[in-house]
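Take a look at the structure set out below.
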Amino acid sequence: MLKDGGPKTNLMYFFGGVLCCLALFFLTGAASQAPTGKYELEVVTRDRLTQIYVIDTSTGAVKWVDSMNTSFAELKEN
């Protein structure tokens, strides 16, 4: 026959479960945060022609780089 641990033991198990769930949310980044955009740079070379473009992975937008002096801030504005 199983004995009930009493309300103190049940309360300890409850808070232990809550603590485990909160730790899981914080460790996996499940907190509500605005999504951060990431960029992927791609270089394509064909014969003597080199083309460079940047992909915004959060929106899927593709920006072609016309000049090597173009900053990421300028690419984002276009």
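Values quoted throughout were computed directly from the atomic coordinates according to the rules given, and no laboratory measurement underlies them. Keep in mind the model is a prediction, meaning the values are calculated, not measured. When we count neighbours, we look across all protein chains shown, and the Cβ atoms used for this are built from the backbone with ideal geometry, even at glycine.
For the stretch 22-27, what does the Karplus curve 6.51 cos²θ - 1.76 cosθ + 1.60, with θ = phi - 60°, yield as ³J(HN,Hα) per residue in whole Hz, taken in order and with x for Gly and Pro?
Karplus-based 3J(HN,Hα) across the stretch 22-27 equals 5, 4, 5, 5, 5, 6 Hz.
Would you kindly derive the ³J(HN,Hα) couplings of the stretch 56-63 from the backbone phi angles with the Karplus curve 6.51 cos²θ - 1.76 cosθ + 1.60 (θ = phi - 60°), listing them in order in whole Hz, with x for Gly and Pro?
Along the stretch 56-63, the couplings run 7, 6, 7, 10, x, 6, 10, 10 Hz.
Ordered by residue, what ³J(HN,Hα) values in Hz, to whole numbers, does the stretch 42-50 give under the Karplus form 6.51 cos²θ - 1.76 cosθ + 1.60, where θ = phi - 60° and Gly and Pro are x?
Whole-Hz 3J(HN,Hα) from phi for the stretch 42-50: 10, 10, 10, 10, 10, 6, 9, 9, 10.
Where does the charge balance sit around T57 when Lys and Arg score +1, Asp and Glu -1, over other residues with C-beta under 9 Å from its C-beta? Could you put the intermediate results ahead of the total?
Values: positive: K38; negative: E40, D56.
Counting the neighbours of T57, the net charge comes to -1.
What is the set of long-range amide H partners of Y39 at a cut-off below 5 Å, with H atoms built 1.01 Å from backbone N?
Distant-sequence amide H within range of Y39: T57.
Using amide H atoms built in the peptide plane, which far-off residues or other-chain residues are under 5 Å from A61 H to H?
HN-HN under 5 Å from A61: D56.
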